[in-house]
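Working notes, beginning with the structure itself.
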């Protein structure tokens with residue numbers, strides 16, 4: 001990260017080069033396998049604050065300057081990081097839905113849909129207590145409402 005902060009502070013580099021470097025190095029690493037995540041509200045805030053902090057560094061804006069995040073995002077033309085998550089989740093969901101019915105991942109998704117509708121395999125089936133309450137399919141459902 002130290003080398004990236006040197007890139008952000010270099011006044012000889014154009015803003016477009018800094019933004020393309022951010023997209024290629026930082027954003028691609030941040031979004032690695034994001035289509036499989038179930039993101040909670042706390043995770044959303046952490047990812048978004050990191051995204052905004054990087055944009056502030058790219059534009060050389062200090063926190064004492066009191067510049068709003070909306071104006072920073074307008075200047076860099078970056079959408080919120082959760083938009084990237086929604087696009088990736090929708091993409092992988094559409095890919096799995098279009099697969100043949102014989103493919104195991106498609107059958108697993110169909111089984112998950114049946115489970116989410118309330119049909120359990122048997123009466124003794126219960127969710128483990130340590131598991132998250134929100135499932136990946138629930139996240140897709142929430143994304144489609146947006």
Options 65, 43, 10; residue that is without any contact (Cβ under 8 Å) to a residue 24 or more places away in the chain and surrounded by fewer than 10 Cβ atoms within 10 Å (Cβ to Cβ) = 65
Of the residues in the stretch 129-146 that are under 17 Å from the mean Cα position of the chain (by Cα), exposed (fewer than 15 other Cβ atoms within 10 Å of the Cβ) and assigned to a loop (DSSP other than H, G, I, E, B), the one that is modelled with the highest pLDDT is 134
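The values are calculated or read from the model by the stated rules, or taken from the named source; none is laboratory data. Please read these numbers as outputs of a predicted model, since none were measured by experiment. All Cβ positions, even for glycine, are placed from backbone atoms using ideal geometry, and neighbour counts span all protein chains on display.
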